[in-house]
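> The structure's right below; bear with me while I get my questions together.
Every number in this text was worked out from the coordinates using simple rules, so none of it is lab data. Remember, it's a predicted structure, so these values are computed and weren't measured experimentally. Every residue, glycine among them, receives a Cβ derived from its backbone with ideal geometry; neighbour counts consider all protein chains shown.
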Amino acid sequence: MGKRRSTCQPRGGWNRSWQRFWPSWLTTPSCHPCRPSLARLDTFETTLGPPAMNNPSTAQQPLCVHVKGLAADYDILTGQGLLQRGAEHIIPHMKGGHGVIITDENVAPLHLETLLESFQAHAKAHPKAKPVRLDVLTVPAGERSKSLSRYGHVMDSLLALGIDRRTTILALGGGVVGDLAGFVAATALRGLPFIQLPTTLLSQVDSSVGGKTGLNAAAGKNLIGAFWQPQLVLADSDTLATLPERELKAGYGEIVKSGLAGDKALFEWCEANGAGVVAGDPTLLAEAVRRTCTFKARIVSADEHERNETTGRALLNLGHTFGHAFETAQHHEGALLHGEAVALGLCQAMALAVLRGSATEEEKQRVTRHLAQTGLPTTAQELPGDHGAPSIEVLLHHMTRDKKARDGKAAFVVPHGLGASQLERTVTTAEIRQVLLATGCA
Ligand SMILES: NC(=O)c1ccc[n+]([C@@H]2O[C@H](COP(=O)([O-])OP(=O)(O)OC[C@H]3O[C@@H](n4cnc5c(N)ncnc54)[C@H](O)[C@@H]3O)[C@@H](O)[C@H]2O)c1
Ligand SMILES: [Zn+2]
């Protein structure tokens, strides 16, 4: 059964804010009379026993994608009920008896309890097994938690917990939590075992796979980071039921991107099933995650550290040179979601491909029609927010300063039909202007 230990009481500045973001039901047992054992689960003991592998009579088998890495391989499991059975999947990957869950203030009240309960259930089923201690660090939701200062606070709190090299870091949340927790795992004691529990569609299909972790710097997004592969990714489709519809659709933009970049069958699957995916059908969501992760795993396995200039991980940036320029021009956090910017960027990449003769007008229209049908923006006028589209000059300025730009020249992943693409550095400013004009910019 869960038992609180007194050794890791919140202390110091960060821990005060940690307390502030701690969901009240965890600190106040009376708020949750039905779950008295979950009171103050800042530290939680359960048991490290043999994996109670899926009981076929009750557990739906998850879909599995295997990722081959340079240092180690790992599985991405997707399907329903994965957090509910979290302990049985996670415990076999825990080297020691200590895990630290890093989550955010939105996700903790929604999904942390399910995960913790799975450890309780496991402890009940294996009373003689070695105890597992779980600590939880909760950070504020949103991009600002991917900062050096938040990283410093988390690291201090983590070190105060008495971790050792076998402590496993568990990231429960979207891409922000995954990137922050992953960077913490990569750097604490020069590297700790890491497990991703992604809870947004974007993080299930993109950020939790491939081992990129990192923080934002004053000079730009994701400029500080490390490659650090997880031991396991558990992408539970049930967690997506609480995700705001707009976030779900934005995540879907990255799925379409994957299909267009290098997997025609995935794009065609999207055309047939996209409506169900954005409506939140859990079976279709799991299948979309499986297909997209299969594609990303193939790309990442062949180019783990992004050394291939034109056809490796670079292809995952299809639509992103355009999209990032819109995101950078948009100063208000949350006004434009990454996947929304990518959706518009995909339409612009298709327009560029038509201009350069590597895709047909009909193919471009197919992509635009599909994104529009799933409620994603396909022109600058359709972007959310009431600040209007940024000017072409501003967008050009941001593109030439993009991370992938060289000598002030923007790089673009250009589609070659549907399901193939290549990074090109020969796109002219005149071509970019023409594309921006044709997609509603002025
Ligand atoms: N490492 C990579 O390879 C990689 C790839 C793509 C994106 N990213 C990064 O991922 C981040 C974006 O990820 P994101 O879109 O998941 O954003 P996010 O983590 O900010 O999540 C979006 C919002 O949804 C909330 N949320 C998360 N799960 C929820 C759930 N199940 N129910 C309700 N609310 C939930 C979060 O609290 C947040 O408010 C960016 O920082 C981006 O740079 C990284
Ligand atoms: Zn992206």
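> Can you tell me, using C-alpha contacts under 8 Å and at least 6 residues apart, the relative contact order of the chain as a whole percent?
Across the chain, relative contact order equals 13 percent.
> Stretched out fully, how many nm does the piece from Arg166 to Gln373 gain, at 0.36 nm a residue minus the Cα gap?
Gain on stretching Arg166 to Gln373: 69.8 nm.
> Considering only the other residues whose Cβ falls under 11 Å of the Cβ of Pro282, what net charge follows from Lys and Arg at +1 and Asp and Glu at -1?
-4
> Per-residue ellipticity at 222 nm for the chain, helices alone: DSSP H runs ≥ 4 residues times -39500 (n - 2.57), over residue total, nearest 500 deg cm²/dmol?
Helix-only estimate at 222 nm: -12000 deg cm²/dmol.
> While we're on this one: For segment 160-173, just list the computed ³J(HN,Hα) in residue order, Karplus coefficients 6.51, -1.76 and 1.60, θ = phi - 60°, integers in Hz, with x standing in for Gly and Pro.
Using θ = phi - 60°, the values come out as 5, 7, x, 6, 9, 5, 9, 5, 9, 8, 10, 9, 10, x Hz.
> Which net charge results when you count Lys and Arg as +1 and Asp and Glu as -1 among the other residues whose beta-carbon is under 13 Å from that of Glu431?
Within the 13 Å Cβ shell, the charges total +3.
> Now for a separate question. Let me make sure I get this right: for the chain, a, b and c are the square roots of the gyration tensor eigenvalues over alpha carbons, sorted descending. Under 1.5 in a/c it's rounded, otherwise prolate if a/b > b/c, else oblate. Which is it?
prolate
> Need one number: nm distance between label points at Thr360 and Lys128, each 7 Å from Cα along Cα→Cβ, rounded to one decimal.
Here the modelled spin labels are 6.9 nm apart.
> Could I ask something else about it? Which of Leu159, Leu284, Leu112 has the fewest other C-beta atoms within 10 Å, and how do the rest follow up to the most?
Fewest-to-most Cβ neighbours within 10 Å comes out as Leu159, Leu284, Leu112.
> Next up: Count charges around Asn273 for me, please; just the other residues with Cβ under 13 Å from its Cβ, Lys/Arg as +1, Asp/Glu as -1.
-2
> Follow-up question, since we're still on this one. Residue by residue through segment 260-265, which ³J(HN,Hα) values in whole Hz follow from phi under the Karplus form 6.51 cos²θ - 1.76 cosθ + 1.60 (θ = phi - 60°), with glycine and proline marked x?
Coupling constants for segment 260-265: 5, 5, x, 8, 4, 4 Hz.
> May I ask you to compute the full-extension gain from Ala226 to Leu437, defined as 0.36 nm times their residue separation minus their alpha-carbon distance, rounded to one decimal in nm?
Result for the pair: 72.2 nm of gain on full extension.
> Along Cα→Cβ, 7 Å out, is where each label goes; now give me the distance between the ones at Arg307 and Gln84 in nm to one decimal.
That separation, rounded to one decimal, is 4.5 nm.
> State to the nearest 20 debye the size of the charge dipole of segment 87-192 about its Cα centre, where the only charges are +1 on K and R beta carbons and -1 on D and E beta carbons.
480 debye
> What does the charge dipole of the chain about its Cα centre add up to, to the nearest 20 debye, if the Cβ of each Lys and Arg holds +1 and the Cβ of each Asp and Glu holds -1?
The dipole of the chain has a size of about 1440 debye.
> By how many nm would the segment from Thr426 to Ser149 lengthen if fully extended, with 0.36 nm per residue of separation less the alpha-carbon distance?
95.8 nm
> If you don't mind, there's one more thing I want to ask. Taking θ as phi - 60°, what are the ³J(HN,Hα) couplings along segment 405-419 by the Karplus curve (6.51, -1.76, 1.60), each to the nearest whole Hz, with x for Gly and Pro?
Values per residue, Gly and Pro as x: 5, 9, 6, x, 10, 6, 10, 10, 7, 10, x, 10, x, 9, x Hz.
> If you don't mind, another one. Rank-order 99-106, 255-262 by packing density, defined as the average count of other C-beta atoms within 10 Å over each peptide's residues, highest first.
Top of the packing list down: 255-262, 99-106.
> I'd like to compare 291-298, 143-150, 267-274: which one has the highest average count of other Cβ atoms within 10 Å, and what's the full order after that?
Result, highest mean first: 291-298, 267-274, 143-150.
> Based on other C-beta atoms within 10 Å, arrange Asp135, Asp156, Asp75, Asp164 from fewest to most.
Final ranking by Cβ density, sparse to dense: Asp164, Asp156, Asp75, Asp135.
> Using alpha-carbon positions, what is the distance between the centroids of segment 62-133 and segment 206-266, in Å?
19 Å
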